[in-house]
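Just below is one structure, and these are the notes that go with it.
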Amino acid sequence: MGVLTRTEGGRRYRRHHRLARSQRAVVSVVGALLALLVFFALFGIFVTQYVPLWMNDNEAMYSSNIQASFAELKQNIDLQAELGGPQVLSVPFPLASQGIPLFAAPTTATLNYIPHTQGVYASVKMQYGPGGQPNFVYNQSLGTVQMSIPNRYFPPQQFIYENDAVIQAQGDTQQVVAYPPLLSINTSGNFQTVSLTVVQLYGNATQVVSTGTEEVYSHFGSFTSFPSNGSLSAPNTPFTVTVTFGTLHPCAWATFLNRTLATSGLPASAWTLTPHTCVAALSSSVPVKIVFSAVTSFNLFVATSTIVTGVGEI
């Protein structure tokens, strides 16, 4: 707005001039552009900074929830084997993380159940088996429950229930046994006792991809024991037992078993582990072998369970 000043008879007069219509339009356009610039700046900060942080938290929480579901599945199967029931137990598995409305879709996982997973097996060879039977051998192909989470902001995760262990993996060498199998090693004087539980899963192979929650049921099958105290003519005399796990996750198994054996109290000369450090599977089965050279008692337990996924599929 312009101001014009003039003097008449010792008095001053000011005249105010309104801006031209074109000038007012320019001011309106500039104001609108500045508002848009502020909006896009804030929007850009939200998309590039807050959305990744928010989704990282969502996917990290989702991975923790899946780990808890696998832990509960293992707990259910162990409980059924130990008590002979309940006949059926279930665990909910969420199949998608939380998303951000309008900005980021949920991360969807894939759940697979494979009753006879190629390359996954357990083999136990006892110099003396139950009742002193020489050269006892047990071989069994094993099933697995697997979930793959292709996270976009948090590192991608894979969870596997295999031979009563829950494995968490981020590739071939970043693997850990999150929840260990039922393996007990006790020493008392000259007596060395080892107990091992092998879990075999039955049922129909299943793959589930969804944004909801899937129920995974474990149906108790059987629980059998194969105890041995060595030679029938000389019980409690040290004998040899060889345990081999065929696995697609040798890094997790080798690291876990090496740590367990090293802290078990067994003399270093009483066992060997091959491989004894993390090795990459490179999508092929790798045997992880333990040789107990001087146990006085070995208890092999075999539990079976049928896995069913989906509501109404019991």
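So here's what we get for this one:
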{"read-out": "Shape call, region 260-313: gyration tensor on alpha carbons, a/c limit 1.5", "value": "oblate"}
{"read-out": "Residue-span extension gain [Leu79 to Ser222] - 0.36 nm each, minus C-alpha spacing", "value": "50.3 nm"}
{"read-out": "Positive-end residue, the chain charge dipole about Cα centroid, Cβ charges, pick of Ala280, Thr247, Ala105", "value": "Ala105"}
{"read-out": "Rounded accessible area of Ser225 (nearest 10 Å², 1.4 Å probe)", "value": "60 Å²"}
{"read-out": "Fraction of antiparallel bridges per DSSP, the chain only, in percent to nearest 5", "value": "90 percent"}
{"read-out": "Environment charge of Pro92, counting only residues whose C-beta is closer than 10 Å and scoring Lys/Arg +1, Asp/Glu -1", "value": "-3"}
{"read-out": "Accessible-area ranking of Trp253, Trp54, Trp271, largest first, probe 1.4 Å", "value": "Trp54, Trp271, Trp253"}
{"read-out": "Per-pair calculated FRET efficiency, R0 = 25 Å: Leu282 and Arg259 via Cβ, rounded to 0.05", "value": "0.60"}
{"read-out": "Mean separation of Cα contacts under 8 Å, 6 or more apart, over the residue count of the chain: relative contact order %", "value": "19 percent"}
{"read-out": "Interchain or long-range residues, amide H under 5 Å from Gln157's placed H", "value": "Ile149, Asn151"}
{"read-out": "Accessible area of the chain belonging to carbon and sulfur atoms, whole % at 1.4 Å probe", "value": "57 percent"}
{"read-out": "Helix 250-262 vs. the chain, principal-axis angle (Cα, 0 to 90°, nearest 10)", "value": "60 degrees"}
{"read-out": "Dipole magnitude of the chain about its Cα centre (Cβ charges: Lys, Arg +1; Asp, Glu -1), debye to nearest 20", "value": "2500 debye"}
{"read-out": "Under 5 Å, built H, 5+ apart or other chain: amide partners of Phe93", "value": "Glu214, Glu215, Val216"}
{"read-out": "Rounded tilt (10° steps) of 51-83 against the dominant C-alpha axis of the chain", "value": "20 degrees"}
{"read-out": "Probe 1.4 Å, accessible area per residue of the chain, Å²", "value": "52 Å²"}
{"read-out": "Degrees between helix 21-45 axis and first principal axis of the chain (Cα, 0 to 90, nearest 10)", "value": "10 degrees"}
{"read-out": "Cα gyration tensor category, rounded, prolate or oblate, for region 170-314 with a/c compared to 1.5", "value": "oblate"}
{"read-out": "Prolate/oblate/rounded call for region 186-256, Cα gyration tensor, a/c under 1.5 rounded", "value": "prolate"}
{"read-out": "Label of the coordinate-derived value, percent of Cα pairs over 34 Å apart, listed as (i) 24; (ii) 35; (iii) 42", "value": "(iii)"}
{"read-out": "Ranked order, Cys251, Cys278 - accessible area, probe 1.4 Å, largest first", "value": "Cys278, Cys251"}
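The values are calculated or read from the model by the stated rules, or taken from the named source; none is laboratory data. A quick note: this is a predicted structure, and the numbers were derived from the prediction, not measured. Glycine gets a Cβ as well: all are built from the backbone with ideal geometry, and neighbour counts include every protein chain shown. The protein model used for the area step is the full one, side chains on, heavy atoms only, and it has no ligands, DNA or RNA in it. Shrake-Rupley method; radii C 1.70, N 1.55, O 1.52, S 1.80 Å.
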